[in-house]
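Where a number appears in this text, it was derived from the coordinates with a stated rule and is not lab data. Computed from a predicted model, the values in this text were never measured in an experiment. In this analysis, Cβ positions are derived from the backbone assuming ideal geometry, glycine residues included, and neighbour counts consider all displayed protein chains.
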Ligand code: SF4
Ligand code: SF4
């Protein structure tokens, strides 16, 4: 992979160069934690580099929590014109880039579910990744086969901090084109070695942190084959259906579509983010609700991420970012739930 050295004093110039391709959004360490910020020109050269992924997922740069998708005027439905402002998103960690790939599988690549709004936002965004330089107690990307750095094929450009600046990796043709007209020297071998050893050290820390959650059986098999495990009720017992886990999740995409009538008699159709944790999410005409019980909704989220999504796209719909653990009102840890399904399965075998 092509790599260059970007001296710290040229950061502002570099970001200014990228600003030709869209508004600059950047993951920044702020007083309230790592956050995604819209960056003003005067701040291009000042980057408080965050060690870990931001509190909020990047999905809100690609979708709106609520958006009008059609209007019913003059006795016919009229599509909305799609206008997406170009964006450059700098500093996305490996788990958030992996989440974009997960969304792409559904809303960009699957003929059945292609979403023109998502595609427009996605294709108007230049993705600039960044290495993690630390981990949180909630991170478990390693259990999903990911690492604490942007994976090849998931970023256009990527930055890894080193002494005196950054190593800039070029991931796609688009990234290469974006660099045209901005000359840099190749990255020194010593800087690349240091990045490698930092990546190895962080991967070792993640392995150590998550060793106790490793399972012998794949998560797909655990979820698919154990729908009646007592682990679901045990771990779901403290869930209060607040839906925080789904709103902070970079891969959750449950939505609803509804129509409203305006005072002038015209109709409008909206799409809005929803959550499978809400009691009425699966409510059907006729009054049937297959997931009326909280435990069923709790289990459904695991089913979606580790069984159904894997069955259809052969990857898990989870990146191990740990936001759902960090923000859960019920102190529920997805890693513990999955481990428990395995442990309880083994206990039941021994008792039989
Ligand atoms: S964040 Fe926790 S308590 Fe809230 S819905 Fe999700 S699992 Fe339940
Ligand atoms: S399920 Fe939890 S750990 Fe997995 S991607 Fe969503 S928020 Fe992150």
Legend entry - Overall Cα dimensions of the chain, principal axis frame, Å, largest first: 67, 64, 38
Inset, instruction - Between residue 73 and residue 280, take the C-beta separation as r, use R0 = 35 Å, and let me know the FRET efficiency to the nearest 0.05. - result: 0.70
Legend entry - Centre separation in Å (Cα based) which lies between the stretch 131-193 and the stretch 277-352: 33
Legend entry - Neighbour-count ranking [beta-carbon atoms within 10 angstrom, fewest first] of 262, 26: 262, 26
Inset, instruction - Express in nm, to one decimal, how much length is gained between residue 105 and residue 163 on full extension, taking 0.36 nm for each residue of separation and deducting their alpha carbon distance. - result: 17.2 nm
Inset, instruction - Pairs of Cα atoms under 8 Å, at least six residues apart: use those to get the relative contact order of the chain, whole percent. - result: 20
Inset, instruction - Give me 117, 107, 73, 298 ranked fewest to most by other Cβ atoms within 10 Å of their Cβ, as a rough exposure proxy. - result: 73, 117, 107, 298
Legend entry - Which of 343, 167 has the fewest Cβ neighbours within 10 Å, and the rest in rising order: 343, 167
Inset, instruction - Looking at the chain, send over the antiparallel percent of its DSSP beta bridges, to the nearest 5. - result: 75
Inset, instruction - Could you work out the Kirkwood radius for the stretch 219-351, taking every pair of different alpha carbons, averaging 1/r and inverting it, reported in Å? - result: 16.3
